[in-house]
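The values are calculated or read from the model by the stated rules, or taken from the named source; none is laboratory data. In this text the structure is predicted, and so the values were computed from the model without any measurement. Reconstructed Cβ throughout: ideal geometry from the backbone, glycine too, with neighbour counts over all protein chains shown.
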2 protein chains.
Amino acid sequence: MTEKTTARPATRRGPYAKSAQRRAEIVASATAVFAARGYRGGSLREIAKQLDLSLTAVVHHFPSKDALLVAVLENADSANTDTFEADSRDKGVAYAVLRYVRRNLERQEMLRLLALMAAEASTPDHPAHEWFRDRYERVVSGLTTAVRRDQDEGRISNGRHPELIAAALVALWDGLQLQWLIDPRRDLVAGVSAGLEDLLGDPAIGSLQQ
Amino acid sequence: MTEKTTARPATRRGPYAKSAQRRAEIVASATAVFAARGYRGGSLREIAKQLDLSLTAVVHHFPSKDALLVAVLENADSANTDTFEADSRDKGVAYAVLRYVRRNLERQEMLRLLALMAAEASTPDHPAHEWFRDRYERVVSGLTTAVRRDQDEGRISNGRHPELIAAALVALWDGLQLQWLIDPRRDLVAGVSAGLEDLLGDPAIGSLQQ
DNA sequence: GTCTATACCCGGATAGAC
DNA sequence: GTCTATCCGGGTATAGAC
């Protein structure tokens, strides 16, 4: 495959066009493998095999397994953050969180991977450490803004420091998610909406659960 | 080393006396290694070397690395649960949780290991899965009882289903702990006590923080 | 029962040829 | 960019010494 009929195109349209596509393919394959077998269980060889490549070809694009993982996480996370922003601005934090939770119920394995990696990357020497540090800081600070807005607009009654509320919300979500991943019989939505009521002080949230 | 001066004691005081001690030594060594290098990073060979044993000697006592891990977790967890029970019965949930948190601030690596393993063991096929399933069920149900007692005695004002409150408390603790493990600059005690106030509805908690 | 030695297979990483 | 070949370290299974 990849016959080198044109050793070099006259218009040197960047030697990286193909590389970028390969990288995307590898990330997609890795996402599938990691989600199915976990990070530990999934091997680079399996990822390579899925694309009819050799192990070293994969390694060439991503110097290490960890680097590949970071790419996977970055790619997986970007999609959902945007809609959350819009939702919270539009209908308040409680609505945005609940919708985020419901949307995530269908990508259980992706959540598992994120949860696993967050714990693993908690040590400062882990390759994905900085990424998770930044991610949590970004999420909490974004949520802090949203909470403050809800307070100003009178949508919630809890007047505590917005940052403390935001951190507690993220913690509640992470924690209940973990319990749900371990035992899917638990009702994640019910747990989150109950916690939202208590943490935000908005008795009207129950109506959003339906 | 380990000269066998007395090949066999005259009084056959159980052939397992030595074994039990060895097992305890191995668990201690494994705890140290796992806590330092993580479960993935720590190897059985390193654990064995720390005790001047061969790899297969370790395997003899614990048939697999996972079995050893379960033993480590069981050992690490048992100590702290008892005092929590007594505290909550005596001075209420809020006090017990805060004391539990403060006591755990000093065993950061142990908490990291527990958090990591909980995420890893969330998949049903993991060797430690059942253990974590049971553990969370045990913790939540114990906390449910404590919350109900606080409600009955008028120590807290939140009248919601005790089980929902208990699950939220555990989630809050797990989640804030994770954020703290990733970024130790976060004030874990402040976060937990703020969350406790909102989840339990007891304005007097602040005084416990000091 | 307790331990050692050896070997096997799989994983990630690296070097060098095309 | 991609390959083949090789290295090293990991968990595991087996045979056998005391």
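Numbers at a glance
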read-out	value
The listed residue being of a type outside the set (S, T, N, Q) and at pLDDT below 95, out of B:Asp174, B:Asp125	B:Asp125
Scope region A:26-59; condition in contact (Cβ under 8 Å) with a residue 24 or more places away in the chain, surrounded by 15 or more Cβ atoms within 10 Å (Cβ to Cβ) and part of a helix (DSSP H, G or I); matching residues	A:Ile26, A:Val27, A:Ala30, A:Thr31, A:Phe34, A:Ala35, A:Gly38, A:Tyr39, A:Leu44, A:Val58
A:Leu69 being out of contact with any Pro (no Cβ under 9 Å at 6 or more places or on another chain) and either of a type in the set (A, V, I, L, M, F, W, C) or within 15 Å of DNA strand C (Cβ to nearest atom) (or both)	no
Extreme residue, nearest to the other protein chains (Cβ to nearest Cβ), among residues of region A:108-127 that are free of Cβ contacts under 8 Å to residues at least 12 places away in the same chain and not in a helix (DSSP H, G or I)	A:Ser122
Given (1) within 16 Å of DNA strand C (Cβ to nearest atom); (2) touching a Lys or Arg at 6+ places or on another chain (Cβ under 9 Å); (3) of a type in the set (Asp, Glu); (4) over 28 Å from A:Pro124 (Cβ atoms), number of the condition B:Glu120 does not satisfy	(4)
Meets criteria (more than 13 Å from DNA strand C (Cβ to nearest atom) and in the same structural domain as B:Pro127 (by TED's automatic domain parsing)) for B:Ala32	no
The one condition in (1) within 11 Å of chain A (Cβ to nearest Cβ); (2) in contact with an Asp or Glu (Cβ under 9 Å, 6 or more places away or on another chain); (3) exposed (fewer than 15 other Cβ atoms within 10 Å of the Cβ) that B:Ser141 fails to fulfil	(1)
Single match in A:Trp173, A:Trp131 (criterion: in a helix (DSSP H, G or I) and facing chain B (nearest Cβ under 9 Å))	A:Trp173
Flag for B:Asp77 being away from chain A (no Cβ under 14 Å), over 20 Å from B:Ala32 (Cα atoms) and away from DNA strand D (no atom under 16 Å from the Cβ)	no
Boolean, A:Leu114 is buried (at least 16 other Cβ atoms within 10 Å of the Cβ) and closer than 23 Å to A:Leu188 by Cα	yes
Residue in region B:154-167 that is assigned by TED's automatic domain parsing to the domain that holds B:Asp87, modelled with pLDDT of 95 or more and under 25 Å from B:Ala76 (Cα atoms) present	yes
Residues of region B:67-82 classified as over 19 Å from B:Ser19 (Cα atoms) and more than 10 Å from the chain's Cα centre (by Cα), total	1
One residue from B:Arg149, B:Arg160, B:Arg155, B:Arg185 being farther than 23 Å from B:Ala35 by Cα, more than 21 Å from the chain's Cα centre (by Cα) and within 11 Å of chain A (Cβ to nearest Cβ)	B:Arg160
Residue match in region B:170-186 (condition: assigned by TED's automatic domain parsing to the domain that holds B:Ala79, touching a residue at least 60 places away in the same chain (Cβ under 8 Å) and within 22 Å of A:Glu109 (Cβ to Cβ))	yes
Matching residues in region B:60-99 - criterion: being farther than 20 Å from B:Trp173 by Cβ and in a loop (DSSP other than H, G, I, E, B)	B:Phe62, B:Pro63, B:Ser64
Which listed residue, of B:Ser43, B:Ser54, is at pLDDT 95 or above and within 8 Å of DNA strand D (Cβ to nearest atom)	B:Ser43
Criterion: within 30 Å of B:Glu197 (Cα to Cα), loosely packed, with under 14 Cβ neighbours inside 10 Å, more than 13 Å from DNA strand D (Cβ to nearest atom) and not assigned by TED's automatic domain parsing to the domain that holds B:Arg22 - qualifying residue of B:Asp87, B:Asp82	B:Asp82
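For every residue, the table says whether it meets (1) in contact with a Ser or Thr (Cβ under 9 Å, 6 or more places away or on another chain); (2) among the basic types (Lys, Arg); (3) more than 27 Å from A:Ala30 (Cβ to Cβ); (4) at pLDDT 95 or above.
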| residue | (1), (2), (3), (4) |
| --- | --- |
| A:Met110 | yes, no, no, no |
| A:Val140 | no, no, yes, yes |
| A:Leu181 | yes, no, no, yes |
| A:Leu200 | yes, no, yes, yes |
